[in-house]
1. Just read off the accessible area of Leu19 with the full protein assembly in place, 1.4 Å probe, to the nearest 10 Å².
2. Identify all lysines with a Cα-Cα distance to Lys52 below 24 Å; exclude those on the same chain that are fewer than 8 residues away in sequence.
3. Positive end of the charge dipole of the stretch 1-142 (Lys, Arg +1 and Asp, Glu -1 on Cβ, about the Cα centre): tell me which of Val90, Leu20, Leu120 has its Cα farthest that way.
4. Ranked from the most accessible area to the least, with a 1.4 Å probe and all protein chains present, what is the order of Lys30, Lys52?
5. Could you work out the relative contact order of the chain? I mean the mean sequence separation of Cα pairs under 8 Å and 6+ apart, divided by the number of residues, in percent.
6. On average, how much accessible surface per residue is there in the stretch 29-101, in Å², for a 1.4 Å probe, leaving out ligands, DNA and RNA?
7. Sort Glu84, Glu6 by accessible area with a 1.4 Å probe, largest first.
8. How high is the relative contact order of the stretch 13-84? Use alpha-carbon pairs under 8 Å, at least six apart in sequence, and give a whole percent.
Amino acid sequence: MADPREGKVLQGRYRILSLLAEGGMGVVYKGERVGIGRPVVVKFLHAVLSDKPGIVDRFEREARATARLNHPNCVALVDFGIDEGAPYLVMEYVEGKTLADLLDHGAVRPERAVEIARQLLAGLEHAHERGILHRDLKPANVMIVDCEGYPGDFVKILDFGLAKLAWPGED
């Protein structure tokens with residue numbers, strides 16, 4: 001059975017191309033920015049969760065958290081919206097392999113591990129300086145990408161879905 005979202009255009013700007021992943025909270029698609037063909041990721045909250053205020057709040061918190069990030073090692077939020085009652089996020093498309101995939105192939109050379117950790121920590125420092133705690137950092141949420149003009153591995157932190165915003169004065 002074909003996915004009813006594939007081929008759909010959101011807000012006249014984002015075309016859904018194909019399913020990338022599905023999890024407990026939502027569904028993630030590869031898409032493109034209509035008119036310019038730039039690849040994006042569109043993450044929808046599951047429709048059955050859309051009527052639960054706590055869940056919708058959490059999804060909107062991910063949008064607010066990701067929007068506050070402006071660092072090369074953190075995935076960038078492009079847009080946020082609601083389509084037929086289903087909230088969605090549009091993020092930059094990051095192509096590569098996860099750190100989990102890399103580790104599945106065995107040990108990583110120490111100098112490579114240090115470079116990956118350095119970039120990971122730089123992205124987390126940026127998030128923490130903006131009051132954002134990731135809370136779901138794991139190898140599957142760290143993408144190793146080829147970055148034009150950058151020698152070696154380039155790290156992108158994904159999925160701020162469990163992020164906690166620590167506003168000034170909060171515990």
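The values are calculated or read from the model by the stated rules, or taken from the named source; none is laboratory data. Since this is a predicted model, take the numbers as computed values, not measurements. Every residue, glycine as well, gets a Cβ built from its backbone with ideal geometry; the counts of neighbours run over all protein chains shown. Surface accessibility is based on the protein's heavy atoms, side chains included, excluding ligands, DNA and RNA. Shrake-Rupley method; radii C 1.70, N 1.55, O 1.52, S 1.80 Å.
1. Roll a 1.4 Å probe over it and Leu19 shows about 80 Å².
2. Lys43, Lys164
3. Leu120
4. Numbers: Lys30 60, Lys52 100 Å².
Putting Lys30, Lys52 in descending order of accessible area: Lys52, Lys30.
5. Numbers: 290 pairs, mean separation 31.4, N = 171.
After rounding, I find 18 percent.
6. Working: 3490 Å² over 73 residues.
It amounts to 48 Å² per residue over the stretch 29-101.
7. In descending accessible area the options line up as Glu84, Glu6.
8. Numbers: 83 pairs, mean separation 12.8, N = 72.
The normalised contact order for the stretch 13-84 reaches 18 percent.
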